[in-house]
Amino acid sequence: MASGFSYTGGRSRCFAYWQEFSKCYAETDAPSQCRLQADDYLECLHHTKEIARAKAVKAEFIKQAEHHAKEGRKVADVLADGVIVGVGLIQRDQGGEGKHK
């Protein structure tokens, strides 16, 4: 990128952002006014915000997958108590001892 040319010899992918930043920097009295253009250019070069966002999405996906796996184990434990209960032929009482007729 230092030369301003891409691997194929044309313009680099971030050249437009560099031009915006360079134009702003040349026209302004205070360089701090060009912070947005500089941030855009640096994001294009390094993809820091994009990578952070992708990591956050991946972490949330893993968290949800672990939650669903844990819930699946709870259901499997209930089903492991008795095969007939898992088929749904016998309903368990929710409030303690079963009533006998």
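The values are calculated or read from the model by the stated rules, or taken from the named source; none is laboratory data. Predicted, not measured: the structure shown is a model, and the values here were computed from it. All Cβ positions, even for glycine, are placed from backbone atoms using ideal geometry, and neighbour counts span all protein chains on display. Keep in mind that these areas ignore ligands, DNA and RNA; they rest on the heavy atoms of the full protein, side chains included. Shrake-Rupley method; radii C 1.70, N 1.55, O 1.52, S 1.80 Å.
So how exposed is ASP40, as accessible area in Å² (1.4 Å probe, rounded to 10)?
Using a 1.4 Å probe on the heavy atoms, I get roughly 70 Å².
Please list, in order along segment 21-37, the HN-Hα scalar couplings obtained from phi with the Karplus expression 6.51 cos²θ - 1.76 cosθ + 1.60 (θ = phi - 60°), rounded to whole Hz, x for Gly and Pro.
Once rounded to whole Hz, the list reads 5, 5, 5, 4, 5, 6, 8, 9, 8, 10, x, 5, 6, 9, 4, 5, 5.
Any idea of ILE51's accessible area? Nearest 10 Å², probe 1.4 Å.
Near enough 80 Å² of accessible area.
For ARG11, list long-range residues whose amide hydrogen, built 1.01 Å from N in the peptide plane, is under 5 Å from its own amide hydrogen.
HN-HN under 5 Å from ARG11: SER6.
Would you tally the net charge around ALA38, using a Cβ to Cβ cut-off of less than 15 Å, leaving ALA38 out, and scoring K and R as +1, D and E as -1?
Values: positive: LYS23, ARG35, LYS49; negative: GLU20, GLU27, ASP39, ASP40, GLU43.
Value of the local net charge: -2.
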